[in-house]
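The numbers here are math on the coordinates, done by the rules we state, and not lab data. These figures come from a predicted structure and were not determined experimentally. Cβ placement follows ideal geometry from the backbone for every residue including glycine, while neighbour counts extend to all protein chains displayed.
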Amino acid sequence: MRKTFTHPALRNLLFVLLVSGIALGLGYLAVKYPLQHDVTHNAGNSLEPVSVEVLDRLDGPVSVMVYATEQDASLGDIRKIIRNFMSLYQRYKPDIRLAFVDPEKDAEKTRAAGVQLNGEMVVEYAGRSEHLTRLNEQIFTSALLRLAHSREQTVMYLDGHGERKLDGIANHDLGNPFGAKLAQNGFRLNSLNLALAQEVPNNASVLVIAQPQIDLMPGEVDKLLRYIERGGNLLWLIDAGPLRGLERLAEKLELLLPPGIVIDPSAAGMRAPATWSLGASYPPHEVTRNFGLITAFPEARPLAWNETPEWEHHVLVEVAARGWVSRSALDDKPGGESRLTGHTFDKRRDIPGPAVIALALQRNANDREQRIVVVGNGAFLANSFAGNGGNVDLGVNMVNWLAGEEHLITLQPRAAKDSSLELGKTRLAVIGIGFLVGLPLLLALVGGAMWWKRRRA
């Protein structure tokens with residue numbers, strides 16, 4: 001029996017069977033439990049976490065129909081490029097169905113789909129579809145976000161009193177990047193002039209009030225109060241200064257709006273004015289779920305409220321733990337305007353921090369949950385300031401929560417890191433000689449040594 005196992009041929013056969021069995025077992029485990037790890041510097045072979053989260057939220061298959069020829073004069077093999085790109089998404093969501101149509105061979109089907117460009121894609125999910133003519137991760141993930149909306153959502157903003165506009169291009173407006181990001185994520189943006197409209201429309205998912213510059217008429221405020229009474233959702237951005245006729249709205253929401261501006265000494269460490277309040281940590285809430293970006297609020301006003309059984313209040317942003325609310329920093333001018341005159345704590349008039357500058361309210365109204373967000377600052381989403389830190393992400397999270405789309409609350413895709421690799425002539429020469437000469441020579445030496453050893457044995 002011992003001689004049988006020592007026979008060279010049988011021993012080699014058993015070794016081959018053992019190695020084959022191990023290889024087959026590892027192959028089965030690799031198919032059954034796939035495991036991948038991207039070791040590239042900028043994770044170029046993986047999706048951003050936000051894209052993976054969006055895919056996890058999609059129940060059911062996604063169909064991607066690509067209208068592309070086999071070859072393109074400028075891009076070459078378009079289909080291969082799209083296959084490689086979509087394989088990243090299919091890795092996380094295998095039921096993404098990718099199909100191709102040649103617009104030259106099937107012109108009738110191409111015209112019926114409304115396709116105009118070679119390489120245009122039609123993405124379908126849950127009975128809704130979008131056309132894409134450009135392709136990268138942010139564009140495709142944003143399209144999935146829009147398709148994931150459970151219903152058409154309309155965000156209206158109060159207009160007619162000098163308010164910040166969601167589609168405006170002036171520095172104080174909210175159009176870019178905040179309004180543009182809402183539109184990119186599937187929200188329809190409309191203005192609302194209550195002097196002309198009979199009521200706030202029922203199809204308004206969220207109403208935005210962003211600091212009127214002239215007083216609202218009493219009849220307009222009545223319409224706003226009826227909207228709140230019906231259970232409407234509201235984003236109210238209140239800058240420091242007069243409320244312009246909205247005092248009754250503050251009373252309805254049990255809000256107390258003390259005068260003053262928050263002074264945050266920690267802003268100096270970020271080379272920002274002391275009148276900027278910096279948010280870095282946030283109380284737990286659906287709006288701030290997994291949110292850890294720094295936000296900046298120029299000249300924010302503090303918020304306070306009366307605790308009542310009607311409304312639930314949740315703090316969203318608290319700032320200036322080492323700062324204060326400065327009442328002496330405001331020097332009132334005719335017309336209700338104000339300017340900053342100092343940053344020194346006045347213990348007779350100022351209030352020590354921390355200060356709450358963003359607040360969420362909830363209650364049950366007309367058999368549904370009503371949601372309201374009040375922020376003691378509108379400038380943080382203005383075109384000239386929204387690029388600071390995570391301001392836009394926080395604003396989008398607020399609107400998603402107000403619209404009942406909290407499952408879409410997530411960070412926006414980050415910009416890709418630099419993926420280029422530049423090597424000098426010396427390093428390139430060393431690498432080339434190493435692979436072309438050094439490695440073959442090393443293999444030859446190892447082989448020669450093994451041959452010489454066997455010959456002497």
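The figures follow:
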| read-out | value |
| --- | --- |
| Fraction of alpha-carbon pairs over 24 Å apart in the range 49-146 - percent | 19 percent |
| Rounded to 5, percent antiparallel among DSSP beta bridges of the chain | 65 percent |
| Mean separation of Cα contacts under 8 Å, 6 or more apart, over the residue count of the range 49-146: relative contact order % | 35 percent |
| Counting DSSP beta bridges with both ends in the range 152-408, the antiparallel % (nearest 5) | 65 percent |
| Vicinal HN-Hα couplings computed from phi for the range 271-284 (Karplus, 6.51 cos²θ - 1.76 cosθ + 1.60; Hz; Gly/Pro x) | 6, 10, x, 5, 7, 8, 9, 10, x, 10, 10, 9, x, x |
| Residues ILE228, ILE238, sorted so that the one with the fewest Cβ neighbours within 10 Å comes first | ILE228, ILE238 |
| 5 angstrom amide H check on ASP350, placed H, neighbours 5+ away | ARG327 |
| Point-charge dipole on Cβ atoms (K/R +1, D/E -1) for the range 152-408, about Cα centre, debye to 20 | 520 debye |
| Charge dipole magnitude, Cβ of K and R +1, D and E -1 - the range 49-146, Cα centre, debye nearest 20 | 120 debye |
| Cut-off 12 Å between beta-carbons: net charge of the residues surrounding PRO302, Lys and Arg +1, Asp and Glu -1 | -2 |
| Globularity ratio of the chain, using Cα Rg and 2.2 N^0.38 Å | 1.38 |
| Fewest-first sequence of SER266, SER326, SER384 by Cβ atoms within 10 Å of each Cβ | SER384, SER266, SER326 |
| Extended-chain gain in nm, criterion 0.36 nm per residue less alpha-carbon gap, LEU256 and ALA197 | 18.3 nm |
| Value of [θ]222 nm, deg cm²/dmol, for the chain, DSSP H segments ≥ 4, -39500 (n - 2.57) each, nearest 500 | -9000 deg cm²/dmol |
